[in-house]
1. Assign one of three labels to region 5-71, namely rounded, prolate or oblate, based on the Cα gyration tensor with a ≥ b ≥ c the square roots of its eigenvalues; rounded applies when a/c is under 1.5, prolate when it is not and a/b is larger than b/c, and oblate otherwise.
2. Using helices alone, I'd like the mean residue ellipticity at 222 nm for the chain: each DSSP H run of four-plus residues gives -39500 (n - 2.57), total over residue count, nearest 500.
3. Under the rule a/c < 1.5 gives rounded, and otherwise a/b versus b/c splits prolate from oblate, where does region 151-230 land using the Cα gyration tensor?
4. Cα axis of helix 104-118 to longest principal axis of the chain: angle in degrees, 0 to 90, nearest 10?
5. Treat each spin label as a single point 7 Å out from the Cα along the C-beta direction, and report the residue 119 to residue 155 distance in nm.
6. What nm value, rounded to one decimal, do you get for the distance between residue 222 and residue 67 when each label is placed 7 Å out toward the C-beta?
7. I'd like the distance between the alpha-carbon centres of region 182-196 and region 64-101, rounded to an integer number of Å.
8. Of 19, 133, 172, which is the most mobile in a GNM of the chain whose springs link Cα atoms less than 10 angstrom apart?
């Protein structure tokens with residue numbers, strides 16, 4: 001019997017009369033796509049997004065069979081900004097994480113961020129921490145503490161430009177540059193400081209845009225639309 005894997009559903013959609021097509025993120029096998037045959041007839045109901053699960057997966061190729069899906073805990077109740085943040089995390093994983101690339105550290109970070117969002121913590125620092133973990137896992141980690149051109153540590157007294165393909169370089173410009181003091185806070189993982197959080201948002205957006213390409217994020221569009229309706 002195949003071992004059960006820890007998982008979250010990232011996206012589901014109806015397939016034929018009673019089945020579901022599922023994108024899921026597992027601790028043991030990374031991101032998987034699969035068919036859960038008869039899943040819409042599940043007596044316990046279809047698992048919700050942001051619910052810890054145990055899944056049994058079989059088959060080869062890009063589309064697997066989900067033979068068993070069990071709850072491993074209650075679904076986390078996300079609302080408002082926390083809900084859109086959860087959608088954003090899921091979309092990043094679907095768009096950027098290669099199939100079957102095992103990322104146990106990223107899985108733990110994802111679960112922790114969801115839990116803290118459900119507890120009402122501010123979304124922005126949590127999103128920045130997840131983005132950093134994702135970029136690290138994909139091999140595009142950002143070195144906040146060093147000048148990539150000079151080969152020297154970042155100085156709190158200087159300003160720096162950011163280039164996604166090579167990192168930070170010292171600049172004499174004022175507009176658009178990042179203060180060295182702020183970068184040093186980010187090097188310590190301090191996303192709670194307002195200036196550092198704003199800088200990290202800009203930096204991560206540039207780094208992720210390089211990977212996402214020109215296709216916009218639907219979760220971001222949904223959040224903007226929701227804000228416009230208020």
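FYI, it's all coordinate maths here, none of it is from the lab. Computed from a predicted structure; not experimentally measured. Cβ atoms come from the backbone with ideal geometry, glycine included; neighbour counts cover every protein chain shown.
1. Values: a/c = 1.60, a/b = 1.15, b/c = 1.39.
Here region 5-71 falls in the oblate category.
2. Theoretical 222 nm ellipticity from helices: -12000 deg cm²/dmol.
3. prolate
4. 90 degrees
5. 4.1 nm
6. 3.2 nm
7. 27 Å
8. 172
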